[in-house]
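One structure, pasted below without further comment.
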Amino acid sequence: ESAIAIEKGMAYYTPARDPYSPERLTLVTELRHALEHNELALWYQPKRCLKSNEIVGVEALIRWPGRQPAVHADQLIALAEQSGLIRPLTRWVMEQALAARNVLLEAGLDLTVSINISPNNLRERDFPLFVQRLMTSHHQHRGRLILEVTETSMMQDPANSMRTLRSLDYAGIPLAIDDFGSGYSSLSYIKQLPACEVKIDRSLVTDLLTHTDDRIIVKTTIDMCHNLGYQVVAEGVEDEATTELLREMGCDMIQGYVLAKPQPLADLIAQLRPGDRDLPVLRQ
Ligand code: C2E
Ligand code: MG
Ligand code: MG
Ligand code: MG
């Protein structure tokens, strides 16, 4: 996607696509300010195990509250990646997520916390060291903070990404492959990845009830992942019928609006009261 598109011999300029447009540069300045002044937030979405029916974890998703017009997570991350802010942003996210895990623990909820990692982070030579240091200073969290990476992000720089992932794995950090089936999957990479969890992309889950081909793909993916030793999470599950279908297919966990939309931590805790975690989760 280039800022300048040629159509019928005419050149069209789209400022939003231009990394050096004044609008873009203003937004970067604003984002840097927001990051430095703690104005970004993480919202949390629960993940449920289909065997025990318990909520087993939450995923942290970035938000920019109060920003008008709103800047969505995908856009915010793209901006951070282009401007070099992704390094401090990911570090902020990780520290917030560990703090959130403490808050959950204090509320009697021993849940895993998943955070999303950018391709750029995988190219940072000191990233594994940073994560290890953070883990050492939060000892009780080892194995409970999951890093999500997309298969597409791997493909941009496979050798360096793989080196980073191996170091993280060696340090005992659980990894999840995010948005599986949405990009250029390479089965030869998938089998090499030191991951514990594969998250099937929402685009394959949305029409599961009506599209036979999606059903075949999802069932085959679940079986393949199990044979490779991965746990499988279905993303973007919005109704009970899809949940039941996924359960029959042997899917391990689900995430999606059928459980809850992403929300501030305090709201999530208010919904996930200890003691009735096995009840149909949430009062919406
Ligand atoms: P993701 O990691 O695949 O996160 C799932 C996205 O699907 C979230 O969008 C979530 O709100 C949305 N979602 C969950 N359940 C449903 C559902 O049932 N139906 C529908 N229609 N949507 C659902 P969100 O929060 O806008 O995040 C988009 C993407 O931005 C994330 O995709 C992730 O790749 C990226 N992202 C978010 N936060 C961070 C972050 O802190 N760091 C990095 N590097 N990336 C992040
Ligand atoms: Mg994710
Ligand atoms: Mg995803
Ligand atoms: Mg996504």
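So, in segment 215-248, of the ones that are open to solvent by 20 Å² or more (accessible area, probe 1.4 Å) and touching an Asp or Glu at 6+ places or on another chain (Cβ under 7 Å), which residue ends up farthest from Glu59 (Cα to Cα)?
The selected residue is Gln231.
Quick check, is Gly256 under 16 Å from Asp178 (Cβ atoms) and open to solvent by 10 Å² or more (accessible area, probe 1.4 Å)? Spell out the reasoning first.
Numbers: under 16 Å from Asp178 (Cβ atoms): yes; open to solvent by 10 Å² or more (accessible area, probe 1.4 Å): no.
So Gly256 fails the test.
Just one of Ile77, Ile86 is surrounded by 15 or more Cβ atoms within 10 Å (Cβ to Cβ), over 30 Å from Asp252 (Cα atoms) and within 16 Å of ligand 4 (Cβ to nearest atom); which is it? Write out each step before concluding.
On the way: Ile77 fails: over 30 Å from Asp252 (Cα atoms).
Result of the check over Ile77, Ile86: Ile86.
Find the residue count for segment 65-96, including only residues that are in a loop (DSSP other than H, G, I, E, B) and within 12 Å of ligand 1 (Cβ to nearest atom).
The initial filter retains those residues of segment 65-96 that are in a loop (DSSP other than H, G, I, E, B), namely 65-72, 84-85.
Cutting the leftovers down to within 12 Å of ligand 1 (Cβ to nearest atom) gives us 70-72, 85.
So the answer is 4.
Would you please list the contacts, defined by Cβ atoms under 7 Å and residues six or more apart or on different chains, that run from a residue in segment 219-237 that is at negative phi to a residue that is within 15 Å of ligand 2 (Cβ to nearest atom) and open to solvent by 60 Å² or more (accessible area, probe 1.4 Å)?
Glu235/Arg202
Please work out which one of (1) of a type in the set (Gly, Ala, Ser); (2) away from ligand 2 (no atom under 16 Å from the Cβ); (3) under 17 Å from the mean Cα position of the chain (by Cα) is the condition Gly236 fails and give its number.
Failed condition: (2).
Residue-by-condition table, conditions (1) basic (Lys, Arg); (2) surrounded by 15 or more Cβ atoms within 10 Å (Cβ to Cβ); (3) part of a strand (DSSP E or B):
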| position | (1), (2), (3) |
| --- | --- |
| Glu23 | no, no, no |
| Ala34 | no, yes, no |
| Asn38 | no, no, no |
| Trp43 | no, yes, yes |
| Val58 | no, yes, yes |
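Listed residues Arg63, Arg48, Arg67; which is open to solvent by 60 Å² or more (accessible area, probe 1.4 Å) and not acidic (Asp, Glu)? Before you say what the answer is, go through the steps one by one.
Details: Arg48 fails: open to solvent by 60 Å² or more (accessible area, probe 1.4 Å); Arg67 fails: open to solvent by 60 Å² or more (accessible area, probe 1.4 Å).
It is Arg63.
The values are calculated or read from the model by the stated rules, or taken from the named source; none is laboratory data. In this text, all values refer to a predicted model and were calculated from it rather than measured experimentally. Counting neighbours? That spans all protein chains shown, and the Cβs are built from the backbone with ideal geometry, glycine included. The accessibility values were calculated without ligands, DNA or RNA, using every heavy atom of the protein model including side chains. Shrake-Rupley method; radii C 1.70, N 1.55, O 1.52, S 1.80 Å.
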